[in-house]
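Worksheet: one structure, shown below.
The values are calculated or read from the model by the stated rules, or taken from the named source; none is laboratory data. What you see is a predicted model; the values in this text were computed from it and never measured. Here Cβ is always computed from backbone atoms with ideal geometry, including for glycine, and neighbour counts include all displayed protein chains. Protein only, heavy atoms only, side chains kept; ligands, DNA and RNA dropped before computing areas. Shrake-Rupley method; radii C 1.70, N 1.55, O 1.52, S 1.80 Å.
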Amino acid sequence: MIDVVAACSSVSNPPSKVRIMGIVNVTPDSFWKKSRGLGHQGAELALQLVEEGADILDLGAESSRPGSQYVEAEEEIRRLLPVIEEIRRHSSVPLSIDTRKKTVMEAAWQQGASIVNDISALEDDPELGVFAACKGLTVILMHKQGIPSSMQNNPLTDNAHAQVDEYLQQRVQVALSLGIESDKIWLDPGIGFGKSFQANKILVTECGTLCGGRFPVVMGVSRKSFVAQMLARDTSPEDRLAGTLATNMMAVMAGASILRVHDVAATRDMLLVLENLKSERIGSISE
């Protein structure tokens with residue numbers, strides 16, 4: 001874990017530590033093919049990310065890319081458990097499960113998972129929040145507009161920050177009412193989940209102010225089409241690493257605490273460079 005103080009005077013409360021969450025898609029259809037892996041292949045990918053410096057692994061067995069279709073809980077469990085079991089034979093790294101379903105999270109928890117990453121912010125399955133509270137799990141509450149199969153048909157445009165902030169505040173109150181401890185709540189503005197290009201930009205650059213800056217913010221921009229839009233040219237996911245790193249650096253400077261990424265080693269290098277530049281800047285000021 002790398003200490004980071006944002007080298008940006010406009011940030012009032014930057015995170016003191018930034019964690020790297022490595023993405024493992026235990027699916028056949030997630031948009032970035034190098035993040036996909038079923039069975040032994042998925043476990044190998046996960047362990048490679050740990051070697052590269054991932055502080056957390058985020059395992060998902062249901063794609064949420066634009067246009068994707070949800071899958072049944074039984075299929076999620078069938079995909080996830082062999083991968084989790086093999087990871088646990090080699091590593092005790094914290095595991096986050098990208099799921100909307102209590103039965104899936106319960107099966108993963110029995111194998112040692114401790115973080116729920118729910119794109120529905122505990123709306124789709126009311127029992128998931130109850131289970132998380134009972135077991136003391138960390139919960140990531142994300143904002144999305146609609147469902148993956150149609151969320152980009154009418155994306156959020158005007159007053160994006162205010163609308164996302166209001167929604168997340170409501171979901172935080174729900175989580176607290178279920179008995180989830182406040183220090184177990186993380187927020188995700190849901191970059192690309194039913195937002196316009198301008199809305200995504202605002203949410204990256206103002207992420208640290210969501211819910212008054214009271215909760216850690218997860219930033220998930222890795223290789224998304226939003227990055228290609230900023231590059232102002234048509235690119236495939238393979239060509240979006242530099243843009244992703246720049247976006248994540250800006251997010252850290254704006255207050256993000258957890259970076260959810262495909263490219264752990266490159267992200268770690270970016271944070272090390274930021275740390276070094278921050279130290280030089282502080283040294284110059286103190287002289």
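Assorted remarks:
- Pair list, Cβ under 6 Å, 6 or more apart: the stretch 171-190 residue on the phi > 0 side of the Ramachandran plot and at pLDDT 95 or above, other residue open to solvent by 10 Å² or more (accessible area, probe 1.4 Å) and assigned to a helix (DSSP H, G or I): Gly179/Ala133
- The set of residues from the stretch 125-140 being touching a residue at least 12 places away in the same chain (Cβ under 8 Å) and assigned to a helix (DSSP H, G or I) comprises Glu127, Leu128, Gly129, Val130, Phe131, Ala132, Ala133, Cys134, Lys135.
- Top-ranked residue of the stretch 90-106 - restricted to ones that are polar (S, T, N, Q) and without any contact (Cβ under 8 Å) to a residue 60 or more places away in the chain, ranked as surrounded by the fewest Cβ atoms within 10 Å (Cβ to Cβ): Ser92
- The residues on offer are Arg260, Arg233, and the sole one that is over 24 Å from Asn117 (Cα atoms) and of a type outside the set (A, V, I, L, M, F, W, C) is Arg233.
- Glu75 being open to solvent by 40 Å² or more (accessible area, probe 1.4 Å) and closer than 16 Å to Arg260 by Cα: no
- Considering residues of the stretch 109-131 that are closer than 19 Å to Ile56 by Cα and more than 18 Å from the chain's Cα centre (by Cα) only, the residue least open to solvent (accessible area, probe 1.4 Å): Gly112
- Close pairs (8 angstrom Cβ cut-off, 6 or more residues apart or separate chains): outside any loop (DSSP other than H, G, I, E, B) in the stretch 145-169, modelled with pLDDT under 70 and open to solvent by less than 40 Å² (accessible area, probe 1.4 Å) anywhere: Gln163/Leu156; Val164/Leu156
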